[in-house]
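> Take a look at this one; I'll ask things after.
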Amino acid sequence: MGLTHLDAGVIIGFLDSADAHHAAATASLARALDNGDRLAMAASAYAECLVGPARRSEQAIQIVKDTFDRLPIEIVDLSPAIAIEAARLRARHRSLRLPDALVIATSITADVDQLVTTDGRWPTRRKLQVEFEIIRI
């Protein structure tokens, strides 16, 4: 039983059966839940999950909100400590975009066991100098 932090692409893939990451995202979430892991996500990633639904309808937004409630996934608010850690990450890794730095920084400050992402462009765990496992699906 641990804490699994999710990047937006995992939920986006899970909710869209046509998404290239759907099967891997579904399996990853099932594995975490079977292990009794708690699920969390940075508020910035949550917003990213809602962009597509917001383009469609309020009902589509509600489907995402209901999914977060059912799983459940805790939304971690942006704090000054997370902002500082994200700035440090961006300073060390110029190719890392701010939204990704915020997700990784949230994971660092939350002392997660693993971070699951669909993003293959992130620096490696060793380069990021993080203790938790980064699982790319």
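> Quick check on residue 107: is it part of a loop (DSSP other than H, G, I, E, B) and among the small types (Gly, Ala, Ser)?
no
> Can you find a residue in segment 7-28 that is surrounded by fewer than 18 Cβ atoms within 10 Å (Cβ to Cβ), touching a strand residue (DSSP E or B) at 6+ places or on another chain (Cβ under 8 Å) and part of a helix (DSSP H, G or I)?
The answer is no; no qualifying residue exists.
> Hey, any hits in segment 83-104 for a residue that's within 23 Å of residue 18 (Cα to Cα) and loosely packed, with under 13 Cβ neighbours inside 10 Å?
Taking every residue of segment 83-104 in turn, none turns out to be within 23 Å of residue 18 (Cα to Cα) and loosely packed, with under 13 Cβ neighbours inside 10 Å.
> Only one of 43, 81 is farther than 18 Å from residue 137 by Cβ, of a type outside the set (Lys, Arg) and in contact with a helix residue (DSSP H, G or I) (Cβ under 7 Å, 6 or more places away or on another chain). Can you tell me which?
None of the other options fit; the residue is 81.
> Right, next: For segment 25-44, check the following and say yes or no: at least one residue is more than 13 Å from residue 7 (Cα to Cα) and among the acidic types (Asp, Glu).
yes
> Given the conditions (1) surrounded by fewer than 16 Cβ atoms within 10 Å (Cβ to Cβ); (2) more than 17 Å from residue 14 (Cβ to Cβ), and given that residue 51 satisfies all but one, which numbered condition is not satisfied?
Every listed condition holds for residue 51 apart from (2).
> Related question: What are the residues in segment 46-75 that are of a type in the set (Ser, Thr, Tyr) and either in contact (Cβ under 8 Å) with a residue 40 or more places away in the chain or assigned to a loop (DSSP other than H, G, I, E, B) (or both), if any?
Within segment 46-75, 57, 67 meet the criteria.
> Does residue 70 fit the bill of being among the basic types (Lys, Arg), loosely packed, with under 13 Cβ neighbours inside 10 Å and more than 17 Å from residue 136 (Cα to Cα)?
Yes; evaluated as a whole, the condition is true for this residue.
> Could you pull out the residue among 88, 94 that is more than 11 Å from the chain's Cα centre (by Cα), among the charged types (D, E, K, R), assigned to a loop (DSSP other than H, G, I, E, B) and within 30 Å of residue 126 (Cβ to Cβ)?
94
> Considering only residues that are over 23 Å from residue 30 (Cβ atoms) and of a type in the set (A, V, I, L, M, F, W, C), look in segment 73-82 and name the one that is surrounded by the fewest Cβ atoms within 10 Å (Cβ to Cβ).
Per the stated criteria, the residue is 81.
Laboratory data are not the source of any read-out in this text; all were calculated from the coordinates shown. These numbers come from a predicted model, not from an experiment. We place every Cβ from the backbone using ideal geometry, glycine too, and count neighbours over all the protein chains shown.
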